[in-house]
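The values are calculated or read from the model by the stated rules, or taken from the named source; none is laboratory data. On a predicted model such as this, the values are computed, not experimentally measured, just so you know. Here the Cβ is made from the backbone with ideal geometry for all residues, glycine too, and neighbour counts use every protein chain on show. Surface areas here come from the heavy atoms of the whole protein model, side chains and all, with no ligands, DNA or RNA. Shrake-Rupley method; radii C 1.70, N 1.55, O 1.52, S 1.80 Å.
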Amino acid sequence: MLQPKSVLGLSNPLASVDTSGDSAPTFVDIDDDGDLDAFVGTAAGTLQFYENDGSAANPVFVERRGELNPLASVDVGGLSTPAFVDIDNDGDFDVFIGKTYGSVLYFENEGTALSASFTERTGMSNPLSDSVVGDIVSYDSTPAFVDIDDDGDFDAFIGDVYGTAHYFRNTGSAGSPQFTSPPAAQNPLKDVNVGYSSAPTFADFDSDGDSDCMMGESYGTVLFYENTGSAMKASFTQRTGGENPLDGIGVGGRSIPVMIDIDDDGDVDSFVGSIEGTVVFIENMENMASTPFNDLYVDFSTDSNGTGAIDFPFNILADVVAAAAPNSTIYIEPGLSPEAFAGADAIMKALTLMNNGVGTVRIGVPAKTAGQSGTAGLRGGFVSSSGEARGKK
């Protein structure tokens, strides 16, 4: 069962990312050191690499350029959307990259799990070549891989500019992939159309043994489709409102989500790329300790001004404020006059400030620590994090 949103905000480990447009994040342990590293596609068609210099539980991403970026030489021409998968079952990760004109490029890892070295494969050596996807996928291809039929190999779904998710079943094997497009009736996402710029990603969000789907779209929201079938026979049902764990999250345009356990706590977190080039982090709080506290705690450890609060544009944390527990206290500082409001008063005050276009609204609990502050009442589900998370005004 989906949990309600919590308002406990944690710092965004990819807050420094700025691709100047159309960021497409994905995660993979590219150096086999036991933690997840990040690659981010860009509007220009290149890929940025962020090595995890921290740990599996506490990621610290550091951008690596030049020869330290194993995909530094790759330029697909526009709107690069990478997806890593061990498609040839040789123990290291290969990468498929979508692009503006609808093709899906394939780069085989000829190195090792410890030291990646990518070589582009074309023609019949690319299992998702134009001969397979060219007449089906149009512009802005966005690939995702998942074993949707539980047969031991990876199948592919590819979003595109027209809002559908095209299904390509792997009829080969784990070591020798062969993708075919089955009849439309066999596509478990056949009834899904998000309008424009579909961007699917898969993970077992509800821990029931099958893969659920998050879908980005052109307006920047994220839709949730629960797998109400099984691991062998998927059937997706859209969940809206409070049943969508990312309800209320918006990134301004062209959302590209990825679901991954980034902090090694056993649940699925989410990152969302945006048309603005930033990456939003939304943490899953389902496994957080249930001890209630009196005040809202927001970890602003990454703030640049050292005041214990971060300045946010007026429309960014509306979703966090609206999800606040009724008994919590939110400290709001418009300009230089800090005020404290509780419950509904805090929500109304913050929304009024936001809707009036106040330049900054600071939310935080001065002189508090995570052990002294928290949330009262609501817990579990996803939370907006300090960084670039946006809610609806």
Accessible heavy-atom area order of Tyr101, Tyr225, highest first, probe of 1.4 Å = Tyr101, Tyr225
To the nearest 10 square angstrom, what accessible area does Ser73 show with a 1.4 Å probe?
-> 110
Note down the magnitude of the dipole of region 97-247 about its Cα centre, charges +1 on Lys and Arg C-beta and -1 on Asp and Glu C-beta and zero elsewhere, to the nearest 20 debye.
-> 420
Grab the alpha carbons of region 145-205, take their convex hull, and tell me the volume per residue in Å³.
-> 88
Give, as a single signed number, the net charge of other residues whose beta carbon lies under 14 Å from the beta carbon of Ser141, with Lys and Arg counted +1 and Asp and Glu -1.
-> -3
Charge context of Thr164, other residues only, Cβ under 15 angstrom, K/R +1, D/E -1 | -4
Could you give P(r) for region 8-47, binned at 5 Å from zero, as whole percent values over all Cα-Cα pairs?
-> 6, 21, 24, 21, 17, 9, 2, 0
Where a ≥ b ≥ c are root eigenvalues of the Cα gyration tensor, a/c under 1.5 meaning rounded, otherwise prolate if a/b exceeds b/c and oblate otherwise, region 76-171 counts as oblate
The orientation-averaged projected area of the Cα convex hull of region 118-241, in nm², is 8.2
Largest first and in whole Å, give the semi-axes of region 189-233's equivalent ellipsoid, each being the square root of 5 times a Cα gyration tensor eigenvalue.
-> 21, 11, 7
If the chain between Ser73 and Asp135 were fully stretched, how many nm would it gain, using 0.36 nm times the residue separation less the Cα-Cα distance?
-> 19.5 nm
Write down, largest first, the equivalent ellipsoid semi-axes of region 28-117 in whole Å, where each equals the square root of 5 times an eigenvalue of the alpha-carbon gyration tensor.
-> 21, 16, 11
Name the residue farthest towards the positive end of the dipole of region 1-137 from the options Phe84, Pro13, Ala57, assuming +1 on Cβ of Lys and Arg, -1 on Cβ of Asp and Glu, about the Cα centre.
-> Pro13
